[in-house]
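Here, each number is a calculation from the coordinates, and none is a lab measurement. No experiment lies behind these values; they were computed from the predicted model shown. Cβ placement follows ideal geometry from the backbone for every residue including glycine, while neighbour counts extend to all protein chains displayed.
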Amino acid sequence: MAIIEAADLRKVFRRVVRQPGIAGAIGALFSRQYEDKVAVDDVSFGLNEGELVGYLGPNGAGKSTTIKMLTGILVPTSGLLRVAGIVPSAHRQANAQNIGVVFGQRSQLYWDLPLRESFELLRSIYDVPRERYLQNMRHFAEILDLERFLDTPVRQLSLGERMRGDFAAAMLHDPKIVYLDEPTIGLDVVAKEAIRVFISQINRERGTTVILTTHDLADVERLTPRIILIDEGRVIYDGALERLRTEYGTHRILVVTTVDLPPDDFAVPGAVVEGRENNIVRLGFDRRSLTAEALIRRVLERYAISDVSIIEPDIDTIVRRIYLEGYQKDAVGAPS
Amino acid sequence: MQSRRMANVYRQYWRINLLTTLEYRENFLIWFLFTFIYHGTAIASLWIVLERFPSMNGWNFRDMFFLYALWMVAHALHNTFFSSVGEIPDHIRDGEFDRLLVRPLDTLFQAIATPGQVFPDELVLALITFVAATLYSGVHVDAIFVIFVPLIVIGGALIDLGLNLIISTAAFWFVKVDALRWIFIQLEQEFTRYPLSIYSRSVRLLLTFVFPFAFMNYFPASYFLHKHEAALGVPPVAGLLTPVIGIVFVAAAYAFWRFGLNRYQGVGH
Amino acid sequence: MTGALPRPPRFRLAPYIEFAKKAMAREATYRFDVFTTVGSFVVRVYLLRMVWTALYAHNAAPQDLSRHAIITYSTVALLMGIVMDIDQTRALNDKLRDGSIATDFMKPINVPLYFFADGTGEVLFHAALLVPSVLIALLIFHIIVPAPAVLAAFLLSFFFGYLVGFFLNFILNCTSFWTLEISAVQLIVTWLTDLLGGELIPLILFPALLQQFIYVLPFAAMFSTPLLIYVGQIPPTRYLEVMGLQVAWIAVLGLISTVMWRAGARRVVVQGG
């Protein structure tokens, strides 16, 4: 059941052009120049109910603009958008009732008040029936361990505690869809794990559709079986995480530690020397053309080695390469 | 039902305001001192000037005191209930405003019902001042006075709200509207202090038909003080129309707000 | 080990000039501020004229202050306000609030001088706004321009008044070292300055009783003294006396500022902001 349909979404902004320096600042007082910036350019995708999707892209790629359109904050310049059957920009309030949003950088909780008060106010805003509210509160308090600080003013909470509060706040009204914008940013490892467990749980138990925007690729690896990659306003990849890894993660690094200082002309056929420091040499190779075993044998034929290890491609590297090199299925250049 | 929901939220909002204000008691005290000095210096200035120049177009200090007090109540009423509208530009600038768009309630209502500290002390001070001014000026307190003054004060608060809303709406276009707000606040304060009759014709037109500050206190005051000026051919009894003027002005401001909001959702900020 | 003390680094003016320039550019980016400052000035002068005209029409005028003189007084007061009514050392309060003051202490700059440079930059920008305002005052409002000698005395007194205001403002911002919520206090001082400084109403119009003690306050040193020199209410024979009082206030407030700054800086370094 498709819950989100986006077709040919496009968003163009007009921006004022500012010249640098004092002269420019004074000039700006008298005349203004504009330029058009295409933030989102022909984005299309569909999400089914209950999916958990990672929405990734470098800064300025159009991620937050897309999210703003989905949440009803921004009106698309053109294209079709439907969330749970509603056009967000046309029926803002109805759409708002269906969604929950967690902005990692900014809390929706009321700073000066105990956590509990924020929940109470949100309950009236979302008009959550009392029974359901108490039920949800009990449930979240338990899995997010909120009991301890339910009566503490939000400004005294640690980042991790506040984030857990924000999650509970977002879910209070049983939204069909939640948008998570950098939810684990700044958290320590333990807190991140707790949040990830929570996300996974609500998706599994309640069938909540989750769209996760993050720069922490560990979030992606742990949570989202599907990722949509956006760059320069366009979707450059939309599919299973695994497929990306197998198709794109063809580059590996063999790290060898030599017994004696490696010579300046250290070279091994089928691999590229990507870096060296003292006795350690990093050899990059394409696993499609050469297996690790074969490469190790070649190295051993030529040099005395005391240690080897293999660096697997992680999502971080893969995605970074896609940002830098652009997504092409067979692109990763075979080494000479 | 939307209105039931809004009533609930509004009730919660006031509960939270009370809690927050009690949290920050010391802050409350110093702001009360400020309010006192702010209005105090204004009234003191009037007194000092009128000691030396006893009549201003026929208005003496008692009249001017009443004029000021009437404005003060309307202004304080607005500050107590609608001051959060003035914080909208900050929310737009720091992105908090988007949060309101993501919630299932009217954005302006949410902006008004944003919990924070409240300072009802200004209203209390204003009411006391007004009672004192009424007695001191010798105004005849008849049925019309008792019925209309609350309405006029509410109308005045709506005029203030309208202005506040217009300036906040400007934030959809300009990053900083603090300067703009400051000017209007200054102007409102200073122009409402004196009887309309001292101003040139264009100013009188502006304050009557464009930004109806004159209806906040001048017209009602001239009516109750039995002043026989008819600046611009508008008789003092028009002061009884202030509630209507207030509603019309705030409706116009609201239309502008909706226009600005639509634009914001089109072009971002 | 020779025992000679290391020489302190040579004092460089350049970074402070950069700070001032940055402050100016910062102010310039607010398009509205420029037009609204000059615009608000014009409107307020119009208001003043109408008020004083109405007052002089129905009442006996004070002996040596004609209507035109009092309008000049008020107009020049507003001109002074353009430059003086800004929170020049606001940067200090801002930095204390967000904790960035700590990094400033780690830089090889003289911190109070940094704030002075920053504040001066802001003021200079606003001073640039004076140019159109003064032109308007002269050409449209026809304010009285006194004899060159009096004008010179006025400018000197204005400069002294500016320094008094600067230190007062600095002291207020220094209280942020101990308590962060100073906006109310600042506003209180602002309103008191407006009233007691003679910015709104010439102090000579105050009831005689009040005049005794108002003239002694620093607020009068900021506005009233230079303004009364300008309109000739203070004769040249008294210049030394009144400007001496201004200088005395500069010294007192400067001393208090130094003491407060030292105490506050120590507090930051010891407590970590």
Measure nothing fancy, just the Cα-based angle from helix C:14-28's long axis to the longest principal axis of chain C, in degrees from 0 to 90, nearest 10. 50
Mean-position separation - Cα centroids, region C:89-105 and region B:78-118, in angstrom: 28
Roughly how tilted is helix C:239-271, in degrees to the nearest 10 and between 0 and 90, from the longest Cα axis of chain C? 30
Report the residue, chosen from A:261, A:187, A:81, that carries the largest GNM mean-square fluctuation when chain A is represented by alpha-carbon nodes joined by springs under 10 Å. A:261
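Under the Kirkwood approximation for Rh and a Cα-based Rg, what ratio Rg/Rh is obtained for the protein assembly as shown?
Numbers: Rg = 33.7 Å, Rh = 32.2 Å.
Ratio of gyration radius to Kirkwood radius for the protein assembly as shown: 1.05.
Tell me the Kirkwood radius of chain B: reciprocal of the mean inverse pair distance over distinct alpha-carbon atoms, in Å.
Working: mean 1/r = 0.0507 Å⁻¹.
About 19.7 Å, per the Kirkwood formula over Cα pairs.
Just how large is the dipole of the protein assembly as shown about the Cα centre, in debye to the nearest 20, putting +1 at every Lys and Arg Cβ and -1 at every Asp and Glu Cβ?
1140
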Could you tell me what a quarter of the Cα convex hull surface of region A:2-245 works out to, in nm² with one decimal place? 15.5
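Ignoring trypsin sites (Lys or Arg not before Pro) that are buried or in helix or strand per DSSP, and keeping those with at most 13 other beta carbon atoms within 10 Å, what is the longest stretch of chain C between them? Intermediate results must be reported in sequence, preceding the final value.
Working: sites that count: C:10, C:12.
Maximal segment without exposed cleavage sites: C:13-273.
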With a sphere of radius 12 Å drawn around the Cβ of residue B:80, what net charge do the other residues whose Cβ falls strictly inside it have (Lys, Arg +1; Asp, Glu -1)? -3
Given the C-alpha centroids of region B:1-65 and region A:87-164, what is the distance between them in whole angstrom? 34
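For a 26 Å ceiling on Cα separation, which of these pairs sit above it: A:176/B:176; B:176/C:22; A:68/A:176; C:21/C:107? Mind showing how you got there, number by number?
On the way: A:176/B:176 37 Å; B:176/C:22 19 Å; A:68/A:176 17 Å; C:21/C:107 19 Å.
Distance filter (> 26 Å) returns A:176/B:176.
Determine the sum of side-chain charges near residue B:93: Lys and Arg each +1, Asp and Glu each -1, restricted to other residues whose C-beta is under 14 angstrom from that of residue B:93.
Values: positive: A:106, B:99, B:176, B:181; negative: B:87, B:90, B:94, B:96, B:98, B:178.
Result for the neighbourhood of residue B:93: -2.
Classify chain C from the C-alpha gyration tensor, please: rounded if a/c falls under 1.5, else prolate or oblate depending on whether a/b exceeds b/c. Provide the component values of the computation, followed by the final result.
Working: a/c = 2.07, a/b = 1.81, b/c = 1.14.
The shape class here is prolate.
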Sequence neighbours fewer than 8 away in the same chain don't count; with that in mind, list the aspartates and glutamates whose C-alpha is under 16 Å from residue A:192. A:145, A:161, A:166, A:181, A:182, A:216, A:219, A:221
Over all distinct alpha-carbon pairs, what is the Kirkwood Rh of region A:251-312 in angstrom? 11.4
The protein assembly as shown: antiparallel bridges as % of DSSP beta bridges, rounded to 5, reads 70
